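Below is one structure, written out as structure tokens; comments come after it.
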Amino acid sequence: MKFDIIGFVNPEGPCCSSFPLDAPKSQPADSHLKPILPLTNFGYSVARLANGYHAVGSQDKAFVFSHKSMTAYSKYISFNSKSGNPPVQVFSWENQVAFVANGAVELYRSSFRANGELKDLLIDQRFGICKSPLVSCTPGSTWADNIIGPAAINKEFVAITGQQNATNVTVVGIFDKRHGPWKFLSTLQSTNKNSLFGHSLSLNSRLLAVSSTLNNKPVVIMYSLDKLEVLLTVKLSVFSNISLPLSIFVTEENVLLCTSRNSRTAVAIQLNISEKSYKTLCTYTAAIGLVMSGSIDISSR
């Protein structure tokens, strides 16, 4: 039996703090979430939902917990993954949460009671390798050969990382529903055809952030959502401790957060899109022995 741990930093703490200010140094967080079943890779991915709820991915299940009351609502969604499949990845935006499992992305919508408790979590849309999320694939109607994740969502867009087997490159498929039902919009890919394009994705209401590499060094490419054009490329090679692979998150205030699992380092970067520039806000390197999960999700404040 194997249990992995995820932690949540005190939201009132300073930028890039590793421990809550009022907790003993021996404790990695002021609270923890615990699976209700024996499983592996618990905490592989984590997403924050509204009203203090969290979704947590594991080997073939996703759990939904209440941060305030473990008895208020606790359930799991089983995806019956085949042996050898990667663990479930979870991503959220307001009252929506996306699960990447079994070569597909399932988008759920949460509903809450008047007292703030989670009432239900219902599937809203399923995305696969087809350009149309509602119709089975026909020759020429696919945007990728398989979905490897991650995904990123906001109110009107879904971005998904897939793979094209013929060229052995990763691509990012974009779906939107600005003008009605979900429709396929475009496929993005790196000009140097590297295999780490789209290893991590993040959306705010205006921008899509895509992690990639340039000359084998980590970068994050910022795209506009209106035209899907490149607005800015953030070169992370200036940070000596940042190494691949990355996890990224872009806030509504255009702050880019990057975590490097292997080097146990996180950096917060303020983006200035109009001037095509950026500056470091802070960096944090975890102590030796503290393993980072490689998953990042925050509440903007």
Requested in this report: Scan segment 79-89 and give yes if some residue there is within 23 Å of Ala50 (Cβ to Cβ), charged (D, E, K, R) and either open to solvent by 20 Å² or more (accessible area, probe 1.4 Å) or touching a residue at least 40 places away in the same chain (Cβ under 8 Å) (or both), otherwise no.
Outcome: no
Q | Filter result for Thr138 (farther than 24 Å from Lys75 by Cα, β-branched (Val, Ile, Thr) and modelled with pLDDT under 95) | A | yes
- Query: What do you reckon, is Lys227 on the phi > 0 side of the Ramachandran plot, part of a loop (DSSP other than H, G, I, E, B) and of a type in the set (D, E, K, R)?
  - Reply: no
So, first residue part of a loop (DSSP other than H, G, I, E, B) in segment 50-65, second residue open to solvent by less than 10 Å² (accessible area, probe 1.4 Å), Cβ within less than 6 Å, six or more apart or across chains; the pairs are Ser58/Phe42
Picked from segment 107-137 (must be part of a loop (DSSP other than H, G, I, E, B) and among the polar types (S, T, N, Q)), the residue farthest from the chain's Cα centre (by Cα) is Asn115
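Results for (1) within 29 Å of Thr170 (Cβ to Cβ); (2) among the aliphatic types (A, V, I, L, M); (3) buried (at least 19 other Cβ atoms within 10 Å of the Cβ); (4) touching a strand residue (DSSP E or B) at 6+ places or on another chain (Cβ under 6 Å), shown as yes or no for each residue.
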| site | (1), (2), (3), (4) |
| --- | --- |
| His54 | yes, no, yes, yes |
| Ala98 | yes, yes, yes, yes |
| Glu117 | no, no, no, no |
| Cys137 | yes, no, no, yes |
| Pro150 | yes, no, yes, yes |
Among residues of segment 201-243 being of a type in the set (Ser, Thr, Tyr) and over 25 Å from Ser45 (Cβ atoms), the residue surrounded by the fewest Cβ atoms within 10 Å (Cβ to Cβ) is Ser240
Residues in segment 100-115 that are within 20 Å of Gly180 (Cα to Cα) and open to solvent by less than 50 Å² (accessible area, probe 1.4 Å) total 4
Filtering segment 255-279 for residues that are without any contact (Cβ under 8 Å) to a residue 24 or more places away in the chain, over 21 Å from the mean Cα position of the chain (by Cα) and open to solvent by 70 Å² or more (accessible area, probe 1.4 Å) leaves a count of 3
### Query
Can you spot a residue in segment 230-237 that is in contact with a Cys (Cβ under 9 Å, 6 or more places away or on another chain), closer than 27 Å to Leu134 by Cβ, in contact (Cβ under 8 Å) with a residue 40 or more places away in the chain and of a type outside the set (Ser, Thr, Tyr)?
no
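The values are calculated or read from the model by the stated rules, or taken from the named source; none is laboratory data. These numbers were taken from a predicted model, which means no experiment stands behind them. Using ideal geometry, Cβ is built from the backbone for each residue, glycine included, and neighbour counts are taken over all protein chains shown. In case anyone asks, the SASA skips ligands and DNA or RNA and just uses the protein heavy atoms, side chains included. Shrake-Rupley method; radii C 1.70, N 1.55, O 1.52, S 1.80 Å.
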